[in-house]
Amino acid sequence: MPARGLILGIESSCDETAAAVVERGSRTLSSVVASQIATHARYGGVVPELASREHLRAIVPVVRAALAQANVTLADLDAIAVTSGPGLAGALLVGITYAKALAFAQNLPLIAVNHLEGHIHAVLLNERESAPVAESSLRASNESPQGTGRSPSDSPDAQSPALALVVSGGHTHLYLARPANGSWTYTLIGRTLDDAAGEAFDKVAKLLGLGYPGGPWIDSLALHGNPHAVPFSFSQIKPKLHLAGQPPRTKAARTAPIANLDPRFLFSFSGIKTAVLRYVQLHNLRPEAESRRDALFTGPAARLFAPKNACHPERSAAESKDLRLPLVPPPTQADALALCSPQTLDLIASFQHAVVGDLMKKTFAAAESLAVRRILITGGVAANRELRLRFTAEAARRNLRVSFPTLALSTDNAAMIAAAAWPKLQSHDFASPSLSASPSLALGI
Ligand code: KG4
Ligand code: ZN
């Protein structure tokens, strides 16, 4: 049985290269994330080839930084965990190849983790970290965390079934997560038929001349608009039932079949994106959006900025000198606010309000139908302020418990991968040396 239960997690499924060291799935010793936002921002979305190249550049320094921050060496580790899918094939392969090489060289077990399971474990990790139980009380009760598969701080509540909403740039999936012999099993309850919710945030932000990724821009600008100004109705985001049983058409929908899912728990976000586009055309908001994009990012007046080198901050200055870029901070959401008309702010607030409302309606309906008392919300969109406030208020009204990861663990990171790997280390659920990328890997049954 592992001495310290130290797992090095590696995540490279999309546009973040991340590494973390987590002890027994319940104590984060380090979590390092090198974001590629600056690389992809100018294209308004992730460019797969660039993502692979950036992962290649970042993986070694990011892993080194994670080990150094945790104050451990490779020799202290008990296992290496890596995201095996879903995600971009080339991006996944960088993390997998590096993890395999490290595991082979150090003679350590290799653990493959599904990225979606990782997001669910981000919440569980936070719960364990925020409700620690003294090691001494464990010793007194003679209960071994290794033996039971439970971390020192798992409360009985943390061991109850939960409805998990994974809501990110690639997914909007509802799972019933059940603890089983120290591990977890997952049953798919609902998912999007087309775009993921985060994808809708990103596309609407792009349409309105805002930054990438769009979620944080919309989140912050929505505070200044009237969420009831544009009446987007749920009928605009109702699932296309004629597609039930058909093969999913988009990247977000590809990871799970829908044939047996209850239509009440299916999402669709491409309709509201089109409704926003129509509103922009009808109300002549496109010139404003274009001049905003020019002013912030593309036009001659846009401030050039030097992207920070996340792995080597000291290099940023040197790199910017090479490129003759002035060292000024990138445009902010406050800059964008000054360039938004009240009508645009109302549109942004109404869009966000409708998306959050739809996520709530279906999630709470599923919780009621499954009679679960506990909801976990995770993935990049779980960082959204309105979403957190409204889910928390509605859960309190229904006497349910709702949990979110910290903001740092909401978006992609490797601590969640290392945490999800802990039960697998205990049950010796190891990957074979021939592990490869599974871009469309599904979770659950
Ligand atoms: O989990 P994540 O980092 O990567 C994926 O697995 O996709 O999620 C990224 C997504 C992006 O679509 C981004 O726009 C969205 O999460 N996002 C947000 C917020 N922060 C990030 N969406 C709404 N509000 C936010 N505050
Ligand atoms: Zn993710």
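The values are calculated or read from the model by the stated rules, or taken from the named source; none is laboratory data. This is a predicted model, so every value here is computed, not measured. FYI the Cβ positions are ideal-geometry reconstructions off the backbone, even for glycines, and counts take in every protein chain you see.
Counting only residues that are crowded, with 24+ Cβ neighbours inside 10 Å and either among the aliphatic types (A, V, I, L, M) or in contact with a strand residue (DSSP E or B) (Cβ under 7 Å, 6 or more places away or on another chain) (or both), the range 368-382 holds 7 of them. Could you tell me whether any residue of the range 26-41 is closer than 30 Å to Gln159 by Cα, out of contact with any Asp or Glu (no Cβ under 8 Å at 6 or more places or on another chain) and either away from ligand 2 (no atom under 15 Å from the Cβ) or among the aliphatic types (A, V, I, L, M) (or both)? Checked the range 26-41: at least one residue is closer than 30 Å to Gln159 by Cα, out of contact with any Asp or Glu (no Cβ under 8 Å at 6 or more places or on another chain) and either away from ligand 2 (no atom under 15 Å from the Cβ) or among the aliphatic types (A, V, I, L, M) (or both). Looking only at the range 410-420, decide whether some residue is of a type in the set (Gly, Ala, Ser), surrounded by fewer than 22 Cβ atoms within 10 Å (Cβ to Cβ) and touching a helix residue (DSSP H, G or I) at 6+ places or on another chain (Cβ under 9 Å). Within the range 410-420, not a single residue is of a type in the set (Gly, Ala, Ser), surrounded by fewer than 22 Cβ atoms within 10 Å (Cβ to Cβ) and touching a helix residue (DSSP H, G or I) at 6+ places or on another chain (Cβ under 9 Å). Checking the range 24-38 against the condition returns a match, with at least one residue being under 23 Å from Ala205 (Cα atoms), touching a residue at least 12 places away in the same chain (Cβ under 8 Å) and part of a helix (DSSP H, G or I). Restricting the range 1-22 to residues that are modelled with pLDDT of 95 or more and over 12 Å from Ile417 (Cα atoms) leaves a set whose member that is surrounded by the most Cβ atoms within 10 Å (Cβ to Cβ) is Thr17. Under the condition of being over 21 Å from His55 (Cβ atoms) and either more than 15 Å from ligand 2 (Cβ to nearest atom) or in a loop (DSSP other than H, G, I, E, B) (or both), the residues counted in the range 397-432 number 20. If you go through the range 164-210 and pick out every residue that is polar (S, T, N, Q) and under 25 Å from Asp294 (Cα atoms), you end up with 0. Among the residues of the range 67-79, is there at least one that is part of a helix (DSSP H, G or I), away from ligand 1 (no atom under 15 Å from the Cβ) and within 26 Å of Val166 (Cβ to Cβ)? The answer is no, given that none of the residues of the range 67-79 is part of a helix (DSSP H, G or I), away from ligand 1 (no atom under 15 Å from the Cβ) and within 26 Å of Val166 (Cβ to Cβ).
Only one of the listed residues (Leu243, Leu193) is at pLDDT below 95, buried (at least 22 other Cβ atoms within 10 Å of the Cβ), more than 13 Å from ligand 1 (Cβ to nearest atom) and not small (Gly, Ala, Ser). That residue is Leu193.
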